[in-house]
1. Kindly check whether there is at least one residue in region 89-107 that is closer than 30 Å to E169 by Cβ, among the basic types (K, R) and out of contact with any Ser or Thr (no Cβ under 9 Å at 6 or more places or on another chain).
2. Select, from A18, A95, A26, the only residue that is of a type in the set (A, V, I, L, M), more than 30 Å from S184 (Cβ to Cβ) and modelled with pLDDT of 95 or more.
3. Yes or no: E128 over 15 Å from the mean Cα position of the chain (by Cα), surrounded by fewer than 16 Cβ atoms within 10 Å (Cβ to Cβ) and modelled with pLDDT under 95?
4. Please enumerate the residues belonging to region 91-127 that are on the phi > 0 side of the Ramachandran plot and in contact with a helix residue (DSSP H, G or I) (Cβ under 6 Å, 6 or more places away or on another chain).
5. Which one of these is buried (at least 19 other Cβ atoms within 10 Å of the Cβ) and not β-branched (V, I, T): G88, G114?
6. Within region 95-106, is there a residue that is among the β-branched types (V, I, T), over 30 Å from K61 (Cβ atoms) and within 22 Å of the chain's Cα centre (by Cα)?
7. Could you give me the residue pairs with C-beta distances under 9 Å whose first residue belongs to region 141-153 and is open to solvent by 70 Å² or more (accessible area, probe 1.4 Å), whose second residue is hydroxyl-bearing (S, T, Y) and at pLDDT 90 or above wherever it lies, and which are 6+ apart or on separate chains?
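The values are calculated or read from the model by the stated rules, or taken from the named source; none is laboratory data. The shown structure was predicted, so the numbers you read here are calculated from the model rather than taken from an experiment. Neighbour counts are summed over all protein chains in view; Cβ atoms, including those assigned to glycine, are modelled from backbone coordinates with ideal geometry. To get the accessible areas, we keep the full protein, side chains included, count just its heavy atoms, and leave off ligands, DNA and RNA. Shrake-Rupley method; radii C 1.70, N 1.55, O 1.52, S 1.80 Å.
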Amino acid sequence: MRIQKGGYGYINNRKRKALTGVLLMAAAGIAVFIAGLLLNKMSNRNIFSVIAVLFVLPGAKYLVRFIVTFPYHSADREVYNRVKEHTGSKMQLYADMLVTSPEKVMFLDFIAVGNKQVIALASNKKQEIQYIRKYLSDGVHNWGDGYKVKILDNEKSFLREIDNVAVQETDKEEEANVKSYLTSLVV
């Protein structure tokens with residue numbers, strides 16, 4: 001089952017696919033290498049050895065994906081449903097946002113976008129909230145004028161902030177650009 005970036009369960013699904021990819025590439029490489037040995041009188045000097053080595057490249061790509069996503073987990077379904085109730089139809093909710101920058105990997109449990117607001121929950125206390133705010137603000141301001149970016153570190157203040165968002169007229173194309181930008185950052 002394919003889960004889109006920002007969909008609930010994306011991180012757990014991504015980890016499962018990455019681990020499966022690593023195992024499949026390793027198994028395929030080993031199988032091709034053994035087949036080459038058996039077909040060439042136990043000599044490793046054959047084209048099958050070269051082909052087996054080539055399976056390392058996509059395997060490494062899957063391994064990097066797994067390593068990057070390994071420390072993070074999707075929020076509980078109960079928490080997701082509670083946040084979804086608060087966003088309602090006034091904002092779009094994204095979950096499991098593992099955002100990369102040139103310097104850091106940042107995990108945002110949820111991002112609510114709409115009504116010229118980008119409100120995010122970064123529940124991991126070890127993350128630098130100021131860095132995340134600046135990084136997202138700089139990018140969002142390139143795609144949408146007047147958007148306020150708020151990064152919060154606890155669920156209560158996050159939900160309170162979403163409840164206080166006033167519905168206002170927004171440019172649909174501009175909002176779509178901001179949403180597209182945010183999903184493009186996700187691993």
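1. yes
2. Working: A18 fails: more than 30 Å from S184 (Cβ to Cβ); A95 fails: more than 30 Å from S184 (Cβ to Cβ).
After applying the criteria, what remains is A26.
3. Details: over 15 Å from the mean Cα position of the chain (by Cα): yes; surrounded by fewer than 16 Cβ atoms within 10 Å (Cβ to Cβ): yes; modelled with pLDDT under 95: yes.
The answer is yes for E128.
4. Keep residues of region 91-127 that are on the phi > 0 side of the Ramachandran plot, which gives 96, 114-116.
If the condition is that a residue be on the phi > 0 side of the Ramachandran plot and in contact with a helix residue (DSSP H, G or I) (Cβ under 6 Å, 6 or more places away or on another chain), then D96 is the only one that fits.
5. Values: G88 fails: buried (at least 19 other Cβ atoms within 10 Å of the Cβ).
One residue alone meets the criteria, G114.
6. Going residue by residue through region 95-106, those that are among the β-branched types (V, I, T) are 99-100, 105.
From what is left, the residues that are over 30 Å from K61 (Cβ atoms) are none.
Looking for residues that are among the β-branched types (V, I, T), over 30 Å from K61 (Cβ atoms) and within 22 Å of the chain's Cα centre (by Cα), one finds none in region 95-106, hence no.
7. Close Cβ pairs satisfying both conditions: H141/Y147; N142/Y181; W143/S180; W143/Y181; K148/S137.
So that you can scan it fast, the table gives a plain yes or no per residue for (1) within 21 Å of K17 (Cβ to Cβ); (2) open to solvent by 60 Å² or more (accessible area, probe 1.4 Å):
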{"residue": "A28", "(1), (2)": "yes, no"}
{"residue": "V32", "(1), (2)": "no, no"}
{"residue": "G36", "(1), (2)": "no, no"}
{"residue": "R45", "(1), (2)": "no, yes"}
{"residue": "S49", "(1), (2)": "no, no"}
{"residue": "G59", "(1), (2)": "yes, no"}
{"residue": "R65", "(1), (2)": "yes, yes"}
